[in-house]
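The structure under discussion appears below in the form of structure tokens.
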Amino acid sequence: MTAASSQHPLPTGPAVAGQAAEEDLRALFGQSTAVFASLAGPTHVVETANPAFFATIGEQRARTGVPLAELVPEPAGQGFIALLDQVHRTGEPHTGRDVRVVLDSGPNAREAFFDFTYEPRRDAEGTVVGIRVIGVETTQVRHAHQLMAEHRALLEQIARQAPLAEVLDGMARCIEDLAPQEVLVSVLLADPDGLHLRHGAAPSLPDFYNEAIDGIATGDGVGSCGTAAHRREPVIVTDIGTDPFWDDFRDLADRAGLAACWSTPILARDGSLLGTFAMYHRIPRAPQDFDFALARVFAGTAALAIERHHDEQARRDAETRAEAARDELAKAVRTEQKLRAEAEQRAAAAAELATRMRTAAAAQAAVPHPEQCTLGAADGCTAPAELKVADSWGDAAWGCQTHAEEALLNVRSAFIASEELGGLAAYLNRGPVQALHAPTAEPPHQDDRADR
């Protein structure tokens with residue numbers, strides 16, 4: 001632990017050697033990040049300690065010449081003083097691994113973890129006269145392991161497509177457990193247009209607070225989250241009571257017992273806004289490196305979860321639209337098949353009707369032209385049969401002019417049939433001269449009326 005030139009021999013004698021070794025230890029740990037303290041006597045008076053020791057217990061308590069239990073009273077109730085007593089009494093060193101200790105008290109209380117060794121100090125006769133305390137803080141390593149484990153669990157949730165609300169709620173609780181001081185986590189989700197923020201998760205904030213901020217606008221000066229969403233950058237408010245960003249929400253925060261809020265925007269890979277991730281505190285507080293690390297890690301995790309949720313929602317929406325399109329296509333096919341069947345039925349009926357009409361026409365053609373009117377019904381009519389009346393169903397009869405006109409007025413689809421002109425086909429095939437020079441000035445002749 002020491003080095004000396006060959007021109008200066010090492011001091012001899014147990015007392016001198018012990019003193020030199022103690023000075024070497026003090027020099028070795030003077031600027032080290034490891035915690036070192038030299039305690040004397042059965043009351044463990046702090047003779048000397050390095051800056052790391054005083055930084056650990058609090059700079060306001062940096063003094064020597066007092067018993068450790070008086071300088072740092074909180075470890076006494078955690079069994080550490082009893083361990084020192086045991087080492088001083090037995091002379092046997094004690095080593096602890098990843099031991100939890102709560103330092104300070106009240107709002108400044110801090111949980112820490114240490115690997116430490118208590119080594120007895122002996123005088124020239126070998127009597128234990130004190131204890132050396134050497135420790136290395138493992139808090140960050142422990143938190144890193146916890147962070148990795150929790151982060152891995154969240155990624156597994158995202159991979160198995162757990163509901164977004166479940167993932168975000170679990171993430172918020174994880175951060176609240178990992179943070180070295182009390183923190184209340186909130187996640188707000190951005191509307192598609194990015195103009196408003198909706199409640200996502202906040203398991204430890206009161207319901208009235210979550211309801212009040214659900215739907216807040218994004219904009220500069222709209223609290224920590226609205227401003228972070230608008231600026232697309234973290235917004236750190238260390239004291240809500242004095243920060244102008246909280247002018248419109250200060251009373252609400254006071255009711256909820258909130259004094260600080262650090263908000264980080266959650267951004268997609270393309271830079272679009274997905275939401276905000278906020279860490280609230282009961283007392284005014286500025287973030288430390290560990291807090292920034294938590295915010296970065298979990299803002300990225302939240303972005304992954306939200307984007308995965310959006311992708312899954314888009315996929316489900318596309319499947320729903322495709323299913324609806326398939327249903328509409330199937331419905332159209334069924335309708336087309338029904339219309340085709342109905343058209344075929346109508347075509348068959350029309351063909352059958354045409355056949356019947358041809359049959360009826362042939363039958364009528366074989367019937368001789370009666371001399372007297374046959375439209376007089378039961379009373380009969382002796383007038384000459386001048387006009388032939390027919391209908392769409394192929395029925396026809398001869399009658400006088402009077403009864404033929406009555407038939408036209410009382411029978412649907414009845415018309416005057418003319419065998420001499422050959423029916424409508426003959427009219428459609430007439431020459432252009434007939435169509436252009438048909439007589440219009442003189443009243444129709446009796447025979448012409450019959451043709452019509």
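The values are calculated or read from the model by the stated rules, or taken from the named source; none is laboratory data. Worth saying up front: this structure is predicted, and the values here are computed from it rather than measured. Because the Cβ atoms are built from the backbone with ideal geometry, glycine has one as well, and the counts that use them run over all protein chains shown. Accessible surface areas use protein heavy atoms only, side chains included; no ligands, DNA or RNA. Shrake-Rupley method; radii C 1.70, N 1.55, O 1.52, S 1.80 Å.
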> Given the C-alpha centroids of segment 141-188 and segment 260-335, what is the distance between them in whole angstrom?
Replying inline: 15 Å
>> For a quick check: with amide H placed at 1.01 Å from N, whose amide H comes under 5 Å from His199's, ignoring anything fewer than 5 positions away on the same chain?
In response: Leu189, Gly215
> Of Asp254, Asp191, Asp214, which has the most accessible area with a 1.4 Å probe, and how do the rest follow in descending order?
Replying inline: Asp254, Asp214, Asp191
>> At a 10 angstrom cut-off on C-beta neighbours, averaged per residue, how do the peptides 223-229, 146-152 rank from highest to lowest?
In response: 223-229, 146-152
>> If amide hydrogens are placed 1.01 Å from N in the peptide plane, which non-local residues have theirs closer than 5 Å to the one on Gln372?
In response: Ala385
> Whose amide H sits under 5 Å from the amide H of Ile266, counting only residues 5 or more places off or on another chain, with H placed in the peptide plane?
Replying inline: Leu274, Gly275, Thr276, Phe277
>> I want to verify the translational diffusion coefficient of segment 252-331 in µm²/s; compute it with Stokes-Einstein, Rh as the Kirkwood radius over Cα pairs, at 25 °C and 0.890 mPa s.
In response: 157 µm²/s
> What number comes out for the charge environment of Asp98, summing +1 per Lys or Arg and -1 per Asp or Glu over other residues with Cβ under 9 Å away?
Replying inline: +2
